[in-house]
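Heads up, the thing below is written out as structure tokens.
Each value in this text was obtained by applying a stated rule to the coordinates, not by laboratory testing. None of the values given here were measured: they were computed from a predicted structure. Glycine gets a Cβ as well: all are built from the backbone with ideal geometry, and neighbour counts include every protein chain shown.
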Amino acid sequence: MELFILNAAGKQNDECFASICSESSMFVSQRRFILKTCGTTTPLQCLEPLLLLVTKYAGFDAVEDVYYSRKNYKRPELQQSPHCNFEQEVAVLDSFFKDGAAYCLGSVNRDCWYLYTLHPLRGPRRGTTEPDQTLEIMMTDLDPEIMSIFTREECSSAAEATLRSGIDKLLPDMIIDDYLFEPCGYSMNGISKTEVGIKSALNS
């Protein structure tokens, strides 16, 4: 798995640390790890080393829950193993988690959303469960003129692209960590300055 941390310093508030990792966004809090990826990254390949690191450095020896989800691919033939198809991904997840369940929301021959999650653990959980709400928006066929903002030809820095695109106004009161790729492409993380647990990620 090729995953390069572009800003090791990242951004953080009292509850969360966030960093941009190549085509991915990473959020780490006391009891949760979130990795949001795009392109041809292979996030499931991080499971084994991640579980080992969590045990070694955080002392956790059980996984309370897992949410792995994605839309069906436009170009599945470009993906790398184990992400060539959802069945292959489920097989990998099942090898780590014995009480998982896989779902498909929508028609399998059109736009659909795949989800893998765990059945709740029996008995009380340690600590309190963090609230969790996710809103994911994917846009296609965008105006090329607007999208040119996210190129080095139009903007000299990520901060300029953030301002010219208006993303800073969409996410007020957020600590923004942004990155403009060469020659094109843009990623940003946002974590709340004032409200616990609010996180966002954008890739274009």
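So here's what we get for this one:
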quantity	calculated
Net charge contributed by nearby residues that have their C-beta within less than 14 Å of Pro183 (K/R +1, D/E -1)	-2
Sites Thr140 and Val108 - FRET efficiency at Förster radius 22 Å, r taken between beta-carbons, to 0.05	0.65
14 Å tail of the calculated P(r), the stretch 34-103, as % of Cα pairs	63 percent
Spherically averaged projected area in nm², based on the convex hull that wraps the Cα atoms of the stretch 40-191	12.2 nm²
Summed side-chain charge close to Leu115 - residues other than Leu115 whose Cβ falls under 13 Å, Lys, Arg +1, Asp, Glu -1	-1
Of Lys98/Lys193; Lys74/Lys193; Lys36/Lys56; Lys71/Lys193, those spanning more than 28 Å from alpha-carbon to alpha-carbon	Lys98/Lys193; Lys74/Lys193; Lys71/Lys193
